[in-house]
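Data block below; observations after.
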Amino acid sequence: MTNGFLRVAAAVPPVSPADVAANTEGIIALAGELDTKGVELAVMPEMCVTGYTCADLFHSSTLIAAAADGLRRIAEASRDWKLTLVVGVPVSTGTSLLNCAAVVASGEVRMMVAKQFLPTYNEFYERRWWSPGPDGQPRTFECAGAVVGVEICEELWTPQPPSGRAALAGAHVIVNLSASDDLIGKYDYLRGLVAQQSARCLCAYAYASAGYGESSTDLVYSGKALIAERGTMLAENDRWNPESRYVIADIDTEAIERDRIHTTSFADSAVAAGVTPAAATLSDRHSDPVWLPEYRSIDPHPFVPPRADDRNSRCTEIVNIQTAGLARRLDAIHCRSLTVGISGGLDSTLALLVAARAFDRLNLPRTGIIGVTMPGFGTTGRTYDNALSLMRGLGVTIREVPIAEAVNLHFRDIGHDPALHDITYENSQARERTQILMDIANQTGGIVLGTGDLSELALGWATYNGDHMSMYGINCGVPKTLVRYLVEWFADRHRDAGNTVVADTLADIVDTPVSPELLPPDADGNIAQKTEDTVGPYTLHDFFLYYTLRFGFSPTRIYQLAQVAFRGTPYGDRALILKWLKVFFRRFFTQQFKRSCLPDGPKVGSVCLSPRGDWRMPSDASAALWLAEIDRLTTAAEA
């Protein structure tokens with residue numbers, strides 16, 4: 001194991017029923033190929049040494065003796081491998097036959113696990129040949145610093161699969177040796193079963209099932225190879241293709257361990273089951289600053305649905321959460337008016353779109369939404385026009401309150417030179433806008449809807465008691481990369497409904513640079529102040545935020561993951577990643593005080609910064625450990 005990653009394979013060797021010599025050679029050849037790819041743990045199908053479909057031939061002493069010899073040959077071959085191999089083989093006890101998983105490594109058979117739960121359907125009435133394995137038999141072993149659990153085929157389908165207990169005993173990975181035939185709809189069910197078991201057990205699950213050579217008489221086998229981790233399918237083969245013999249994945253044991261620590265019910269379940277977790281040998285875990293996981297896809301946009309076909313359902317769910325939260329707040333306080341500042345930017349746009357849905361849900365007229373545009377020193381014609389176009393298109397009440405005169409008066413009151421474009425110049429505008437919104441809300445008997453998003457909260461990119469404050473923060477659980485995605489989704493829905501004016505406005509808002517527009521435009525009237533020039537790319541910051549909050553990863557690990565995720569993109573440069581990673585951790589620590597007094601807002605995903613339950617951190621915690629680690633990484637990268 002290197003840097004917390006264990007390289008695992010699920011493999012389907014060529015098998016011909018009862019041809020043990022050929023099967024053995026196929027297993028050895030495939031295992032050797034996997035070993036050259038750095039695989040540390042490989043699982044192959046149930047009874048792959050003999051073939052699963054041998055039926056009554058299993059009671060032939062000739063076949064059983066050949067199987068024992070084949071296993072010895074595999075064990076001998078393993079002297080040349082670094083990987084640990086788990087293969088299916090029949091074993092005679094002298095009085096009964098057992099359907100076993102043999103764990104082979106370093107020239108020896110390290111362990112045998114006998115199948116305990118035997119199916120009694122179809123033509124393979126397994127009790128005809130096999131006796132069940134003993135209850136309570138050892139099912140875990142160590143491999144390269146990880147703990148591995150074993151179960152066989154049917155055992156996964158039982159009400160209490162052995163993998164559950166193995167996971168409670170510390171198994172990071174469960175391997176399943178299977179011989180599951182193919183029927184209409186069965187694969188989808190199996191695939192879901194594997195993914196769900198990996199989620200329930202907070203583990204990785206590698207599944208290998210019998211393939212083409214086993215297809216005989218009445219049943220057909222497709223050769224399934226699957227690897228899932230914590231509910232996500234990491235790899236699966238082209239099962240009907242005889243050439244697609246294996247899949248490989250780098251399993252993240254550090255993420256597994258973090259989830260188990262964070263999910264305290266996991267340890268409680270182990271106590272209730274009377275299981276003492278087994279500790280892996282930490283000395284088998286290696287650290288290599290330049291090693292990166294090769295067999296693992298790392299999404300550069302962890303908050304955004306990775307597949308296009310997930311887009312509609314995911315966006316619908318997010319918007320429904322936001323809408324229901326806001327509608328409930330309005331309903332609970334008998335409020336029929338809502339005030340929201342509309343800048344023509346992404347965040348306020350999403351807030352207004354959700355507000356419109358909430359009012360529709362409550363059967364309230366959209367005119368009860370007071371959209372306030374407040375042009376100031378940095379407002380450009382593009383954002384101003386988009387703000388007005390959006391409000392008109394959605395049918396809300398529009399109010400325009402220019403702030404320049406009021407802010408200049410304030411500058412005179414506090415003795416600030418308006419030619420000095422410093423933090424006072426910027427924040428005075430933000431606080432003036434918040435004051436206007438609050439007072440209009442008082443006028444109309446409503447509340448102020450906040451627009452700030454999760455990314456801004458993480459970086460503290462908000463003016464304290466300015467845009468930092470509201471009566472309900474509708475976007476507090478939505479990071480910037482997802483805000484953009486949701487606005488695009490709304491644009492598509494409005495276009496499909498024939499509202500091209502709103503759709504076109506939303507499309508232009510998506511294309512507008514992110515900016516607070518607190519500094520004057522350039523000579524051409526374009527946005528001069530671009531947020532990402534100051535705080536860094538939100539694409540990187542959202543990546544850092546996800547792995548910091550979701551898994552508590554170190555800067556080193558986040559840096560390594562980012563190199564994989566952004567390879568070949570404008571964000572993949574190591575120096576660039578380290579530069580903004582340092583900015584992220586510095587701001588994340590120093591800006592906690594702003595998060596300690598956040599208004600209510602709907603939690604959307606697994607990552608949130610609400611101080612009431614999702615993220616609790618001292619406002620004055622030191623970032624020294626994290627920043628020092630990034631400095632060491634930077635020095636090493638420059639060497």
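The values are calculated or read from the model by the stated rules, or taken from the named source; none is laboratory data. Treat the numbers as computed from the prediction; the structure is a model and nothing was measured. Cβ placement follows ideal geometry from the backbone for every residue including glycine, while neighbour counts extend to all protein chains displayed.
Below is a table of values for the structure above.
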| quantity | calculated |
| --- | --- |
| Candidate set from the range 34-77 (those that are among the charged types (D, E, K, R) and touching a residue at least 40 places away in the same chain (Cβ under 8 Å)); member that is surrounded by the most Cβ atoms within 10 Å (Cβ to Cβ) | Glu40 |
| Flag for Gly149 being of a type outside the set (Lys, Arg), in a loop (DSSP other than H, G, I, E, B) and within 26 Å of Ile27 (Cα to Cα) | no |
| Any chance Ile256 is buried (at least 17 other Cβ atoms within 10 Å of the Cβ), over 23 Å from Leu83 (Cα atoms) and touching a residue at least 40 places away in the same chain (Cβ under 8 Å) | no |
| Hey, Ala235 under 14 Å from Val43 (Cβ atoms), surrounded by fewer than 24 Cβ atoms within 10 Å (Cβ to Cβ), in contact with a Ser or Thr (Cβ under 9 Å, 6 or more places away or on another chain) and touching a residue at least 60 places away in the same chain (Cβ under 8 Å) or not | yes |
| Residue within the range 280-294 that is within 27 Å of Gln443 (Cβ to Cβ) and either aliphatic (A, V, I, L, M) or not in a loop (DSSP other than H, G, I, E, B) (or both) present | no |
| Residue within the range 462-471 that is part of a loop (DSSP other than H, G, I, E, B), β-branched (Val, Ile, Thr) and farther than 17 Å from Leu350 by Cα present | yes |
| Single match in Leu609, Leu598, Leu578 (criterion: in contact with a helix residue (DSSP H, G or I) (Cβ under 6 Å, 6 or more places away or on another chain), in the same structural domain as Ile447 (by TED's automatic domain parsing), buried (at least 16 other Cβ atoms within 10 Å of the Cβ) and more than 14 Å from Leu545 (Cβ to Cβ)) | Leu578 |
| Filtered residues of the range 520-531 (kept if surrounded by fewer than 17 Cβ atoms within 10 Å (Cβ to Cβ) and either over 19 Å from Thr451 (Cα atoms) or modelled with pLDDT of 90 or more (or both)) | Pro520, Asp522, Ala523, Asp524, Gly525, Asn526 |
| So Glu243, is it modelled with pLDDT under 90 and either closer than 25 Å to Gly32 by Cα or of a type in the set (A, V, I, L, M, F, W, C) (or both) | yes |
| Residue tally, condition under 39 Å from the mean Cα position of the chain (by Cα), part of a helix (DSSP H, G or I), of a type in the set (Gly, Ala, Ser) and farther than 18 Å from Asn176 by Cβ, over the range 20-65 | 3 |
| Residue list for the range 359-388, restricted to those being in a loop (DSSP other than H, G, I, E, B) and among the polar types (S, T, N, Q) | Asn363, Thr379, Thr380 |
| Pairs with Cβ under 7 Å, 6+ apart, first in the range 438-450 and under 14 Å from Thr397 (Cβ atoms), second in a helix (DSSP H, G or I) and among the small types (Gly, Ala, Ser) | Leu449/Ala351; Leu449/Ala355 |
| Where Ala355 falls short, out of the listed (1) surrounded by fewer than 24 Cβ atoms within 10 Å (Cβ to Cβ); (2) closer than 22 Å to Arg433 by Cα | (1) |
| Condition check for Asn442: surrounded by fewer than 24 Cβ atoms within 10 Å (Cβ to Cβ) and in a loop (DSSP other than H, G, I, E, B) | no |
| Residue check, Ser163 without any contact (Cβ under 8 Å) to a residue 40 or more places away in the chain, surrounded by 21 or more Cβ atoms within 10 Å (Cβ to Cβ) and within 27 Å of the chain's Cα centre (by Cα) | no |
| Residue among Thr84, Thr140 that alone is buried (at least 17 other Cβ atoms within 10 Å of the Cβ), in contact with a Cys (Cβ under 7 Å, 6 or more places away or on another chain), in the same structural domain as Val175 (by TED's automatic domain parsing) and of a type in the set (Ser, Thr, Tyr) | Thr84 |
| Scan of the range 193-221 for residues that are assigned to a helix (DSSP H, G or I) and modelled with pLDDT of 95 or more, ordered by number | Leu193, Val194, Ala195, Gln196, Gln197, Ser198, Ala199, Arg200 |
| Residue match in the range 482-504 (condition: aromatic (Phe, Trp, Tyr), in the same structural domain as Gln429 (by TED's automatic domain parsing) and over 20 Å from Arg392 (Cβ atoms)) | yes |
